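Please read the structure below before turning to the comments.
All of the numbers you see were taken from the coordinates with simple rules; none came from a lab. Being a predicted model, the structure only gives us computed values, none of them experimental. As a convention, Cβ positions derive from the backbone with ideal geometry for all residues, glycine included, and neighbour counts pool all protein chains shown.
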Amino acid sequence: MRPNKKLLWLDFGVLCFYATAVLVAVAYHEPWADEAQAWMIARDLPLGKMLFSEMHYEVSPGLWDSILWFAQHAFHAPYAAMNYIGAAFAIAGAAVLIFLAPFLRIVRYLMATSYYISYQYAVVARPYVLLLLCGGLAAVLYRRRQIVPLAIALAVMSGISIHGMIIAGALAASAGFRGMTEWKSLDATERKRYIVAAAIVLIAFGLTVAIARPAHDLVAMNNAQGGSLAKLIRTLPDIVFGPWPLAAALLIALVVYAAWRNQLIPCVLSIGGLLVFNAFIYGAPHHTGAIVIAIVLILWLSWPEPGEGIPRLFAPVSLVILCVVFGVQTYWAVSAWRHELRDPYSGSRDAANYLRAIGADHALIEGYHFDVVAIQPYFDHNIFENWSTSYVHHSRDTEPLLSMFDRGFPPPEYLVNPSETGDTDHNQRYLAEQGYQSIHVSPGRVLFKDGAWVAETFTIYRRIVH
C-alpha cells in the first residue's frame, strides 16, 4: 500500500512543530551544572584520559562526552552550541518515532511531544538526548530481524549511559533468545550473522563496563542515591501519571500485554532493571525518562503488524490508554516550555556575566559545591582558586576543596555560593560573620514536569573586612 502523501505532510508538520518548540526552548535555556560538567571535561582533557580515567568518576560510558570532545576539538564549537547539538539528536529521534513507529498517528504525535522526549531529553543537554534515536532505530531493526545492524544500534546505545546499557542489554537478550530458539532452522549465513552480532554486542558491553566502572575513590552525589521502596513508589507517578497505585496498575498491564505479545523478556529486563537501578542504586527525577522511553520501545517491539488478527477491543482500549498517558505528559511538556521561556533554568549565565563585569574572574575568587561548575564554561580558564580543575573531579581527595573555609588558605576577595532550596543563601549569616557581604544574586530554577525541581541560584559575596 502506497503511503498517503497528505498524511506524510502532516507527519512532517508535526516534526517541524516539535523542532521549533525544542529550538525555541534551547534559545532560552541556561545550562545547569550537569550540562556544564560534561562540557568542561571534554574541553580540558585529552580524549584518552577523558574516556579511560575521568569517566570512572562520572560513571558514564562516555559517548556524549566524546561527541562534545569532537565538537570542541575538531569543530571549535562554542559553549552555546552544546544544547543545539543535543537538540539535533533529539529531533532525529523524534523523526524516527513519527515516521517509523507502528502506532496510530495521534499516539505517535503525543509520544513525540511528551515531557521527557520533547523537553527533558531534548532541551537539556545530557546523554539521554541520544536514547530515543538509538532505541527507535533498534526497535525498527528488531522488528525487521536485521540482526547485525540491530547489534550495532545496541552497541551505540550501550555507550549512552548505564540506562542505555540496561535497555540495550534487554533487547540483546531478547534477540539472542529468539535466535537460540530458531537456531536449528537457521541456515549457515544466518547463523554467522547471529555470531557476528553477538560479538559486536559483547565487545561493546565490555568496553562500556571498562569505561564506566566506578573509581575506588569515587564520591557519589547524595541527592540521587537510591535504596528504598518508598523511592520506588515516589517514582511511579513520574513515569506515567496519577497516584502510584494507578501508575503501578498501568505498568502491570504493560507486562501482561508484553507477555501476550511474546516480548516479556525485553519488558521485564528493561523496565524492571531501570526501576530497580533508579530506586535502589542511583536515580534522580530526570532519570525516570529512561523508563518512559523503555515503555515506548516495548510497545514498539510488540505492536501488531498491519492485518494481524487481534481482539476487537485492542485498538480502542489501547488508543484511549496511550492518548491519556502521553496526553498528560504533553501537558507537562507545555508547562516546562512555558517555565523555560519565563524563568532562568540556572543562574550560571547571569553570575558569569556579573563576575566578568566586576573583574572578579581575575581576582582571588572561590566557588563552593558542585553547582558552581555551571559558571566555568563562560570563561577560558579555571576562575576558582580552590579548584584544581575547571570541572569537578569526584574523588575523596578533591571534593573537600569545594567545601567552605576548611583549607586554611588566605581568605579570597570574592565567593560564589549556590543554593538549591531557593534564592536565599542559608550560609549568608555565617559568611557575614567571616567578613563577606552579598553583592549579587543570580536566580535559577531547574525544572521538572510542571515546576521547579531544585534551585540553582548563585549568591556572590565580596570581602569587606581585611
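Tabulated data
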item: Given charges at beta-carbon only (K, R positive; D, E negative), |dipole| of the chain in Debye; result: 2120 debye
item: Principal axis box of the stretch 225-303, alpha-carbon based, largest edge first, Å; result: 34, 22, 18
item: Whichever lysines have a C-alpha closer than 30 Å to that of Lys449, once near sequence neighbours (fewer than 8 apart) are set aside; result: Lys231
item: Value of Rg/Rh across the stretch 76-166 [Cα atoms, Kirkwood radius]; result: 1.00
item: Furthest towards positive pole of dipole, Gly309, Leu322, Gly347, structure part the stretch 301-352, Cβ charges; result: Gly347
item: Derived scalar couplings ³J(HN,Hα) [the stretch 178-183; Karplus, 6.51 cos²θ - 1.76 cosθ + 1.60; whole Hz; x for Gly, Pro]; result: 4, x, 5, 5, 9, 3
item: Extended-chain gain in nm, criterion 0.36 nm per residue less alpha-carbon gap, Ala249 and Val24; result: 77.4 nm
item: Estimated 222 nm signal from helices in the chain, with DSSP H stretches of n ≥ 4 weighted -39500 (n - 2.57), rounded to 500; result: -17500 deg cm²/dmol
item: Estimated FRET transfer efficiency (Leu100, Asp343; beta-carbon r; R0 45 Å; 0.05); result: 0.80
item: Inter-centroid distance (Cα atoms) of the stretch 90-139 relative to the stretch 304-375, Å; result: 14 Å
item: Extended-chain gain in nm, criterion 0.36 nm per residue less alpha-carbon gap, Val334 and Tyr430; result: 30.5 nm
item: Size of the stretch 348-463 as Cα extents on the principal axes (Å, biggest first); result: 44, 30, 27
item: Cα centre as origin, Lys/Arg/Asp/Glu Cβ charges: the stretch 348-463 dipole, Debye; result: 120 debye
item: Relative pair counts by distance (%), Cα atoms of the chain, 20 Å bins; result: 23, 54, 20, 3, 0
